[in-house]
Amino acid sequence: MPTIGIADTTFARYDMGRAAIDEIQKNVSVKIKRVTVPGIKDLPVAAKKLIEEEGCDIVMALGMPGAKEQDKICAHEASQGLIMAQLMTNTHIIEVFVHEDEGKDEKELAFLMDRRTREHALNVIKLLFKPEKLIREAGTGQRQGFEDAGPLRM
């Protein structure tokens with residue numbers, strides 16, 4: 001049975017880990033290993049440990065960078081670390097970040113955090129079990145969170 005890792009943070013203002021686990025469990029039967037760390041810069045090592053020490057086949061790295069410029073820099077550094085961890089382990093780590101300034105208010109931010117997390121959980125399922133579905137979605141302008149952009153027309 002495949003194992004999905006969930007790494008989330010205490011800095012986030014929404015329980016993205018719970019949303020991811022709920023969506024995964026609604027759709028497939030897998031083992032789930034969850035770890036929670038303080039902030040997004042802690043996610044790369046948490047994800048790498050889930051892969052190397054817990055045997056996860058794929059990991060979701062969930063976090064909420066703040067709205068300040070410094071937070072955006074930290075998010076970039078965390079993204080670089082997640083990419084490095086993917087290359088070091090040859091395993092997908094699906095980064096799911098929602099910046100605190102992406103929502104116009106707290107209600108929209110909570111909606112976005114839940115929806116983006118759940119849509120990426122479905123992408124994790126596709127990567128593990130039905131990669132052909134992703135091939136069919138190529139070039140369709142999929143977006144996680146808000147509405148899809150749709151394909152370009154000539």
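Name the residues in the range 133-154 that are outside any loop (DSSP other than H, G, I, E, B) and over 20 Å from the mean Cα position of the chain (by Cα), would you?
Narrowing the range 133-154 to residues outside any loop (DSSP other than H, G, I, E, B): 133-137.
Residue satisfying the conditions is Arg136 alone.
Are any of the residues in the range 44-59 of a type in the set (A, V, I, L, M, F, W, C) and modelled with pLDDT under 95? Steps first, answer last, please.
So in the range 44-59, the residues of a type in the set (A, V, I, L, M, F, W, C) come out as 45-47, 50-51, 56, 58-59.
Then keep just the ones that are modelled with pLDDT under 95; that gives none.
Within the range 44-59 (the criterion being of a type in the set (A, V, I, L, M, F, W, C) and modelled with pLDDT under 95), the answer is no, since none of the residues qualifies.
Considering the range 38-64, the residues that are part of a loop (DSSP other than H, G, I, E, B) and closer than 25 Å to Glu100 by Cβ include one that is most open to solvent (accessible area, probe 1.4 Å), namely Pro38.
Give the residues of the range 51-77 that are under 14 Å from the mean Cα position of the chain (by Cα) and either among the small types (Gly, Ala, Ser) or within 18 Å of Val124 (Cα to Cα) (or both), sorted by residue number. Walk me through how you get there before you give the answer.
Kept after step one, since they are under 14 Å from the mean Cα position of the chain (by Cα), are these residues of the range 51-77: 58-65, 75.
Across the range 51-77, the qualifying residues are Ile58, Val59, Met60, Ala61, Leu62, Gly63, Ala75.
Residues of the range 70-86 that are surrounded by fewer than 19 Cβ atoms within 10 Å (Cβ to Cβ) and over 16 Å from Lys49 (Cβ atoms): Gln70, Asp71, Lys72, Ile73, Cys74, His76, Glu77, Ser79, Gln80, Ile83. Counting only residues that are assigned to a helix (DSSP H, G or I) and open to solvent by 50 Å² or more (accessible area, probe 1.4 Å), the range 104-117 holds 4 of them. Consider the range 13-29 and keep the residues that are of a type outside the set (D, E, K, R) and buried (at least 19 other Cβ atoms within 10 Å of the Cβ). The one that is farthest from Ile58 (Cα to Cα) is Tyr14. Going through (1) in contact with a Leu (Cβ under 8 Å, 6 or more places away or on another chain); (2) of a type in the set (Lys, Arg); (3) surrounded by fewer than 13 Cβ atoms within 10 Å (Cβ to Cβ) one by one, Arg136 falls short only on (1). Here Ala67 meets the list (1) assigned to a helix (DSSP H, G or I); (2) over 28 Å from Gly150 (Cβ atoms); (3) open to solvent by 40 Å² or more (accessible area, probe 1.4 Å); (4) not hydroxyl-bearing (Ser, Thr, Tyr) almost entirely, failing just condition (1).
The values are calculated or read from the model by the stated rules, or taken from the named source; none is laboratory data. The model shown is predicted, which means the values in this text are computed figures rather than measured ones. Please note: Cβ atoms are built from the backbone with ideal geometry, for glycine as well, and neighbour counts cover all protein chains shown. Protein only, heavy atoms only, side chains kept; ligands, DNA and RNA dropped before computing areas. Shrake-Rupley method; radii C 1.70, N 1.55, O 1.52, S 1.80 Å.
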